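Report on the structure given below.
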Amino acid sequence: MQREKSEAAKVSMNVNGKQVSGSVEPRTLLVNFIRDDLGLTGTHVGCDTGHCGACTVMMNGKTVKSCMVLAVQARGAEILTVEGLAQGDKLHPIQEAFWKNHGLQCGFCTPGLLMSGLYLLRRNPDPTDKEIRRSIEGNLCRCTGYVNVVKSVRAAANSMRKGGEGGA
Amino acid sequence: MTPKSFDYYAPASLDEAIRLLGENDEAKVIAGGQSLLPMMKLRLAAPTALVDITKLPDLSYVREEGDHLAIGALTTHDAVEHNRTVKERFAAIDDAVVRIGDQQVRNLGTIGGSACHADPAADLPTALLVSDAQFVIRGRGGQRVVPAREFFVDVFATAVGHDEILTEIRMAYAPPRSASAYVKHSLREADFGIAMVGAAVTVGDGNVCKDVRISLGSAGPTPLRATSSEQHLKGKVVDDENVAKAAELAVEGADPPSDVHGSREYRLEMIKALTRRSLKLALGRVK
């Protein structure tokens, strides 16, 4: 059994393909470990109450709100954040699609929306608009009105069906 | 926001988890954490220890077991949603899980966690009550099975004792010509319900109602059975008139709160409307 007193807990996990570790209080949220300990500030804290989805990352291939997960619960997990999407200078097809289709304005919600969109497309390569809208229920955007977000996910679907995650 | 400090335990076995709970009066079990962590961040809950059961093996499954379906307590809402047997045989549960929170919450939140949290405005308790679920609870002395009508005790309170853990939820397959449904009224899709109703019916010859269960959510401290409606329908033809009468009777015994989401009067009217809708939906699904 792993037992941790409230002061310090060792955590290690794989983030964007790299093995990382650190020492955190058990109450440390995954998003704080990612941002403050790892310096990966692409994952945003919006509401910090589990509503807005700006902090969405993938944990073991599933989208989660990293403000609603403890860092200690992510031990041994594989985490994907927005920083892990592009390959060098080449944007991931979902990033490319958001860029080309004006799927963002201020961009604060975008890291989370990219994760939710990608999660949908990995499970459902040819979603309907209704399915796209349902998949981003947990991601609030106060700029776009979602129309171009849906358009972007649809464009990413087309691109990924042709060229996979490497892009068309 | 950061929760108050706590000790963290990740036991390797159920027995160890149960022992830890027994030793820590202020300990809480954490599974998906999608209700508990937000409460801890707001300091509405401040357990001094968390017993994380998500690392326990063999508590995440959906199994067909002869006369019933067995769902492991750690099965996520997403896994329940994508289970074919649930979709085909337990439509009320399927209706409920697709309305829970959002994808991220459904990826982590568990059926056992939602049942044990027992929020009167949550989706699953009302759907589990109408499905006549049985709850398998493990404690130091072994396990016991509690029916849904005894499981939900009060707001955020269930039959699960402090040093006990819910391990499995069982639901018996309904006889032929049965179907169920769950409907919820909320302002936005992913919101908690202002009113929710579950209905499960079995129809016999001549379209006569052989059996019926109706459950109400957000209508009191726990999900409730609308017994007057059930009594009215049983043995009668399930036509528009009898369904409408049953819907009118659904508010007997209901005691919904008045709050920022809706007044008591509004909720009572919605309970009637949703009872009619859920019965019609369930009846339309009878094959």
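Summary of values
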| item | result |
| --- | --- |
| Selected residue (only one of B:Ile169, B:Ile214 is in contact (Cβ under 8 Å) with a residue 12 or more places away in the chain, surrounded by 24 or more Cβ atoms within 10 Å (Cβ to Cβ) and not assigned by TED's automatic domain parsing to the domain that holds B:Ala247) | B:Ile169 |
| Conditions (1) more than 27 Å from A:Leu120 (Cα to Cα); (2) touching a helix residue (DSSP H, G or I) at 6+ places or on another chain (Cβ under 8 Å); (3) of a type outside the set (S, T, N, Q); number of the one not met by B:Asp154 | (2) |
| Filter result for B:Glu252 (among the acidic types (Asp, Glu), without any contact (Cβ under 8 Å) to a residue 40 or more places away in the chain, part of a loop (DSSP other than H, G, I, E, B) and not assigned by TED's automatic domain parsing to the domain that holds B:Asp94) | yes |
| Residue in segment A:110-127 that is basic (Lys, Arg) and not assigned by TED's automatic domain parsing to the domain that holds A:Arg154 present | no |
| Pair list, Cβ under 7 Å, 6 or more apart: segment A:41-53 residue modelled with pLDDT under 95, other residue buried (at least 16 other Cβ atoms within 10 Å of the Cβ) and in a loop (DSSP other than H, G, I, E, B) | A:His51/A:Leu140 |
| Subset of segment B:224-251 that is charged (D, E, K, R) and within 21 Å of the chain's Cα centre (by Cα) - its residue that is farthest from B:Leu187 (Cα to Cα) | B:Glu230 |
| B:Pro38 vs. criteria without any contact (Cβ under 8 Å) to a residue 40 or more places away in the chain, under 30 Å from B:Asp7 (Cβ atoms) and in a helix (DSSP H, G or I) | yes |
| Which numbered condition B:Thr76 misses (of (1) under 30 Å from B:Lys4 (Cβ atoms); (2) surrounded by fewer than 20 Cβ atoms within 10 Å (Cβ to Cβ); (3) in contact (Cβ under 8 Å) with a residue 12 or more places away in the chain) | (2) |
| Subset tally (residues that are crowded, with 24+ Cβ neighbours inside 10 Å, more than 9 Å from chain B (Cβ to nearest Cβ) and in a loop (DSSP other than H, G, I, E, B)) for segment A:47-76 | 2 |
| Among (1) of a type outside the set (Phe, Trp, Tyr); (2) more than 14 Å from chain B (Cβ to nearest Cβ); (3) under 27 Å from B:Asp191 (Cα atoms); (4) in contact (Cβ under 8 Å) with a residue 40 or more places away in the chain, the one test that A:Cys106 misses | (4) |
| Residues of segment A:105-131 that turn out to be assigned to a loop (DSSP other than H, G, I, E, B) and crowded, with 20+ Cβ neighbours inside 10 Å, as a count | 1 |
| Positions within segment A:5-46 being surrounded by 20 or more Cβ atoms within 10 Å (Cβ to Cβ) and assigned to a strand (DSSP E or B), in sequence order | A:Ala9, A:Val11, A:Met13, A:Val15, A:Val24, A:Leu29 |
| Test: B:Ile137 is surrounded by 24 or more Cβ atoms within 10 Å (Cβ to Cβ) and closer than 30 Å to B:Leu56 by Cβ | no |
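The values are calculated or read from the model by the stated rules, or taken from the named source; none is laboratory data. Note that the structure is a prediction, hence the values are computed from the model and not measured. Note that each Cβ is placed from the backbone with ideal geometry, even for glycine, and that neighbours are counted across all protein chains shown.
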